Amino acid sequence: MNTFHLSGYPRIGAKRELKFAVEAFWKGAKSEAELQEVAAEIRRLNWATQKAAGADLLPVGDFSFYDHVLDLLCTLGAIPKRFGFDSANLSLPEYFQLARGNATQFAMEMTKWFDTNYHYIVPEWHADTEFKVNAKNLIAQIKEAKAQGYDIKPTLVGPVTLLWLGKAKDDNFKRISLLPKLLPAYAQLLRELAAEGVDWIQIDEPILSADADANWIKAVETSYKEFANTGVRIIIGTYFATVAEHLNLLKALPVHGVHIDCVRAPEQLAVFADAWPENKVLSVGLIDGRNVWRANLSKVIDTLEPVKAKLGNNLWIAPSCSLLHSPQDLAVEEKLDGEIKSWMAFAAQKLVELGVIKQALAHGKDSVKDAIAASDAAAADRATNKKIHNDAVKARVANLPKGADQRKSPFAERIKAQHAWMNLPVLPTTTIGSFPQTTEIRQARAAFKKGELSAADYDAAMKKEIAYCVEVQEKLELDVPVHGEAERNDMVEYFGEQLAGYCFTQFGWVQSYGSRCVKPPIIFGDVSRPNPMTVYWSSYAQTLTKRPMKGMLTGPVTMFKWSFVRDDIPLSEVAKQIALALNDEVLDLEKAGIKVIQIDEPAIREAMPLKKAQWDEYLAWACEAFRLSSTGAEDSTQIHTHMCYSEFNDILPAIASMDADVITIETSRSDMELLTAFGDFKYPNDIGPGVYDIHSPRVPQAKEIEHLLRKAMDVVPVERLWVNPDCGLKTRGWKETIEQLEVMMEVTKKLRSELAAK
């Protein structure tokens with residue numbers, strides 16, 4: 001039989017049990033023992049589900065209370081010294097402080113895991129970083145799984161990828177120089193796992209899918225030679241792009257197998273299958289671990305059968321990547337349109353698909369003919385269904401005139417028109433958009449959706465929250481207020497609910513970071529905007545203040561990137577469809593008197609292909625889509641955008657080409673590191689670097705914000721510098737939010753006074 005395995009499964013629980021337990025623990029409402037009980041039950045159910053579907057090797061190490069990269073850093077004793085924690089005796093509260101910060105230390109940085117929507121904790125590397133293995137937590141989970149009778153395969157992030165994903169915190173220091181110290185620690189860890197009876201272990205090296213330079217690729221060769229005699233059989237995991245250029249390296253490494261992603265890079269299967277040695281495992285991922293669409297089982301089986309004929313049982317089957325990125329179970333979705341639901345598969349259903357494939361490879365397609373027939377029927381229906389295709393939308397995109405994506409005048413002229421009516425002080429202040437989503441807001445929204453609260457009462461409840469939000473900003477004297485987004489459940493879902501071509505789940509949650517879960521919309525068809533989406537709420541907020549109210553939209557790239565997107569047309573076409581729908585909203589906001597409009601694009605960088613050869617093509621259509629969203633706006637209408645968790649140094653020309661009047665970026669955790677690149681590039685438009693981290697509940701000290709703002713003033717001409725937090729304030733409480741903004745305003749006023757005195 002061909003081995004069916006996987007590297008990871010959703011770990012939040014079918015109904016987000018882990019999220020609620022962790023947050024209760026943070027509040028002191030749940031003990032550590034109670035939290036551990038919830039975690040153990042999630043693992044038990046996950047393993048049982050995988051085994052029932054026919055999985056042969058079940059993952060261990062994929063579960064985490066916050067992040068698996070942070071877990072590995074703790075296992076290797078590589079936590080930042082600045083916290084003063086003993087890695088060998090790290091408590092659970094201390095573990096969470098690494099991710100969330102505490103009274104004296106800011107949290108470790110987060111950023112997106114390659115081009116996914118999952119955030120990992122970024123390792124902090126210093127020249128004197130030391131490694132000291134403490135595998136007790138991982139070993140405990142191994143013993144737990146084995147006690148339940150399962151054959152297991154621990155999964156770890158590989159040493160080269162781990163170093164590469166971190167940040168060097170010392171000057172003139174290269175991360176790769178830590179490899180000689182890191183490899184013995186990894187080897188010790190592998191030996192300790194072997195002593196626990198571990199046979200197979202998956203070590204993921206997605207760095208091979210990216211365009212790392214030759215020194216990093218050489219480090220892969222060095223690393224796995226050192227692991228050759230550790231007593232475990234190693235399968236290297238790669239995903240998210242082709243690794244065909246590393247075929248000879250992967251063939252020669254002293255490992256027992258390699259996993260390749262043949263959903264993102266189907267072309268590489270032929271390259272590997274034709275040249276793969278018969279004595280090594282080739283694991284093929286043809287079930288999409290990152291999207292919600294059913295596989296075409298007949299095509300998958302037909303693709304794999306000749307590979308099986310060559311490799312025999314050394315062909316393994318798996319999802320393309322960890323199922324961490326997939327919702328857990330489609331079966332619990334009761335409100336999805338039946339036809340649309342029939343085109344989908346969540347994590348539990350993907351396991352079943354793999355079980356069918358395993359059966360077909362062993363006993364022929366006739367042994368699974370009913371499953372194949374159902375798959376074929378779903379594929380045929382999806383290809384022709386009228387719910388998907390809208391000729392008017394397609395024609396609008398196809399018939400865009402030349403120059404449709406350009407503003408009427410260049411920035412230098414627009415900013416004069418904007419200054420003329422806005423009359424803002426130096427260092428104007430604003431926020432990124434959202435304010436605290438209180439229990440009262442969530443309860444009102446839930447009651448309204450259940451029919452327990454009338455539309456009129458819901459409207460009144462949201463207006464009350466908006467009025468309070470505006471009142472707070474008035475007292476703080478923020479120059480460009482926002483309405484706070486009380487009515488919005490999520491920055492993507494809210495808009496998707498009002499756009500044609502989207503559908504939504506009840507329980508399709510996936511982990512974004514820590515206890516933060518999102519329920520991505522699903523783009524199943526052509527996208528258009530039937531009615532205005534934000535004009536009502538922004539117009540109401542504007543009546544409460546004489547300051548210019550900022551309207552808030554989510555940009556086209558983020559709208560598809562943070563959704564589960566259709567895979568039957570090019571992403572560029574999806575982006576342009578969404579952009580034109582958003583453009584309708586921008587022009588309606590403008591007509592209603594909302595002349596400061598933020599179009600958020602935090603996903604612009606993370607949506608980039610991993611291969612640099614594909615960057616120019618992507619950036620061309622992605623930036624065009626952003627510009628299309630504001631096309632036709634008057635010069636006096638100020639277009640903002642916001643980007644976070646992104647490194648822009650190497651794509652600044654493209655960011656500039658988006659031509660937003662004001663860009664706000666996340667910079668506080670990196671100590672304004674990113675802003676230096678904007679200064680060196682001489683970014684031409686206005687810019688607002690974030691001056692404090694909103695992902696931590698701590699209130700920053702005035703000296704911290706002043707330090708960051710002074711660094712910004714050294715880089716950006718003061719007349720083009722804005723002041724704002726790093727990101728939206730949705731996840732914070734009101735008390736800390738007000739206290740944080742008070743410090744920001746205190747420092748801003750101090751610096752304004754200094755500038756006025758010069």
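The values are calculated or read from the model by the stated rules, or taken from the named source; none is laboratory data. Just so it is clear, the structure is predicted and the values come from calculations on it, not from any experiment. Counting neighbours? That spans all protein chains shown, and the Cβs are built from the backbone with ideal geometry, glycine included. Accessible surface areas use protein heavy atoms only, side chains included; no ligands, DNA or RNA. Shrake-Rupley method; radii C 1.70, N 1.55, O 1.52, S 1.80 Å.
Numerical summary
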quantity	calculated
Under 5 Å, built H, 5+ apart or other chain: amide partners of H259	I236, G237, T238, S283
Normalised contact order of segment 517-675, rounded percent, pairs of Cα under 8 Å and 6 or more residues apart	24 percent
Note, ³J(HN,Hα) from phi for segment 95-100, Karplus 6.51, -1.76, 1.60, rounded to Hz, x at Gly and Pro	4, 5, 5, 4, 7, 10
Carbon plus sulfur fraction of accessible area for the chain, probe 1.4 Å, in percent	52 percent
Exceeding the 30 Å Cα-Cα cut-off - candidates K416/K711; K416/K475; K386/K408; K30/K335; K169/K350	K386/K408; K30/K335; K169/K350
³J(HN,Hα) computed for each position of segment 358-365 - Karplus, 6.51 cos²θ - 1.76 cosθ + 1.60, integer Hz, glycine/proline x	4, 5, 5, 5, 7, 10, x, 5
Anisotropy class of segment 235-298 from Cα gyration tensor, a/c 1.5 cut	prolate
Given charges at Cβ of Lys, Arg, Asp, Glu: the chain dipole, positive-most of P530, Q36, A420	Q36
Between segment 587-626 and segment 651-719, the Cα center-to-center distance that results, in Å	19 Å
Farthest toward positive dipole pole in segment 3-383 [+1 Lys/Arg, -1 Asp/Glu at C-beta], among L163, P80, G54	P80
Solvent-accessible area per residue for segment 290-358 (1.4 angstrom probe, square angstrom)	33 Å²
Dipole magnitude of the chain, debye to nearest 20 (Cβ charges: Lys/Arg +1, Asp/Glu -1, about Cα centre)	360 debye
Candidate aspartates and glutamates - alpha carbon under 13 Å from K394, same-chain residues fewer than 8 apart omitted	D526, E573
Of all DSSP beta bridges in the chain, antiparallel share, percent nearest 5	15 percent
The chain: relative contact order in percent, alpha carbon pairs under 8 Å with at least 6 residues between	13 percent
Å² of accessible area per residue within segment 444-538, as computed with a 1.4 Å probe and no ligands counted	36 Å²
Long-range HN-HN contacts of M552 with modeled amide H, under 5 Å	Q598
Size of charge dipole - segment 3-383 - debye, nearest 20, with Cβ of Lys, Arg +1 and Asp, Glu -1, no other charges	340 debye
Percent of beta bridges antiparallel (DSSP, segment 413-757, rounded to nearest 5)	20 percent
Dipole-positive endmost among A581, F507, A467 within segment 413-757 (Cβ charges, Cα centre)	A467
T664 long-range amide H proximity, modeled H, under 5 Å	T641, H642, M643, G688
For segment 3-383: rounded, prolate or oblate by the Cα gyration tensor [a/c cutoff 1.5]	oblate
Segment 206-306: GluC sites (Glu not before Pro) in DSSP loop, at most 11 other beta carbons within 10 Å	E267, E278
Cα-only radius of gyration and Dmax that characterise the chain, units Å	26.0, 85
Accessible area (Å², per residue) of segment 44-130, counting only protein heavy atoms and a probe of 1.4 Å	31 Å²
Whole-Hz ³J(HN,Hα) from phi, Karplus 6.51 cos²θ - 1.76 cosθ + 1.60, for segment 677-692, glycine and proline x	5, 4, x, 4, 6, 6, 3, x, 9, 6, 9, x, x, x, 10, 7
